[in-house]
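Reviewing the structure listed below.
Every read-out reported here was derived from the displayed coordinates using simple, explicitly stated rules and does not represent laboratory data. For clarity, every value in this text was computed on a predicted model and none was experimentally measured. Positions of Cβ are backbone-derived with ideal geometry, glycine not excepted, and every protein chain shown enters the neighbour counts.
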Amino acid sequence: MSAPLAVRVAGLVRGRRLDAVARVSLDDGALVLEWPHAAAWRLALDGIDGIGTGATSCTVYLPDGDLLELTADESVHALAMAVTERACRMPELTRGLRHLGAVRHHGAVVAGVVSPLHAAHDRWFAPLLAARRAVHGVSDPQRQVQLLDGAALQPAMLEAAGRISTSLAPGDSAEQRALEAAIEDEARPMFGALDHLRLAGDAVRTGHAARRFADWRRWVHAARTVFEKADEGWAGIAEIVGES
């Protein structure tokens, strides 16, 4: 937990005006407000919609139009940055996926030769895993959206489909086009999810600070859906690879 900071708190909570002094601190899951003559408030970070900053103040935006303005000195700005860092920690996006690591446990390499299925598997997931590695440890929502960008991943996944089809039918352009179309058809839900990821990212980039955390949570959901749909799509793509 961070050291408590003395602040003046003004705002509106559940229809009631508030103007009081408090001590504010931050733990892993909540912004904590301790009052002189009342029980402390714990504002769960996943229940805060956004935060705005000024030179000596920050505004905590809550659901339903409620807000709290905390005023003290320059330390408030650092507090707001710490809230953003903890509230927007990037979660694991691959937990629970069925196919992402499955190929590696089924004879992926025999006598030093990589199987076509293993090679196709790595090509398919490579753009997503590269984006996941890039965003790991980054806590700034704007930077996260830039690194795991639906608009950039769309052509990267199309290229992956093209590389798989080329490897399956080298020298046969007609067969390559047919295979690529079949792969894209299996992955249609994932490409739809990438469109949603792009739109969710735009909301984080251009939206008001009052909705930044809420928009970010929707973007994370969209990113997780992309990984899930890519994993689901691989099942059909693996069959195409196996039949070629």
Work out, step by step, the length gained on full extension between residue 92 and residue 19: first 0.36 nm times the residue separation, then minus their alpha carbon distance; give nm to one decimal.
22.3 nm
At a 10 angstrom cut-off on C-beta neighbours, averaged per residue, how do the peptides 194-207, 84-97 rank from highest to lowest?
194-207, 84-97
Using 1/(1 + (r/R0)^6) with R0 = 35 angstrom and r between the beta carbons of residue 195 and residue 55, what's the FRET efficiency to the nearest 0.05?
0.35
As I understand it, the dipole of the range 103-243 uses +1 on the Cβ of Lys and Arg and -1 on the Cβ of Asp and Glu, about the Cα centre. Which of 157, 237, 196 lies farthest toward its positive end?
196
For residue 140 and residue 66 in the same chain, what is the full-extension length gain: residue separation times 0.36 nm, less their Cα-Cα distance, in nm?
24.2 nm
For the pair residue 244 and residue 85, the simple spin-label estimate (label points 7 Å beyond Cα toward Cβ) gives in nm 4.6
Please work out which option in (1) 12.7; (2) 16.1; (3) 14.2 gives mean projected area of the Cα convex hull in nm² calculated from these coordinates, and answer with its label.
(2)
Would you kindly state how much longer the chain becomes between residue 163 and residue 12 on full extension, computed as 0.36 nm times their sequence separation minus their alpha carbon distance, in nm to one decimal?
48.7 nm
Scoring only Lys, Arg, Asp and Glu (+1, +1, -1, -1) among other residues with Cβ under 15 Å from the Cβ of residue 96 yields +1
Selection from 176, 207, 119 lying farthest towards where the dipole of the range 103-243 points positive, charges on Cβ:
207
Only Lys, Arg (+1) and Asp, Glu (-1) charged, at Cβ; the range 103-243 dipole about Cα centre in debye:
860
Computed label-point distance, nm, for sites residue 39 and residue 129 using a 7 Å Cα→Cβ extension
4.9
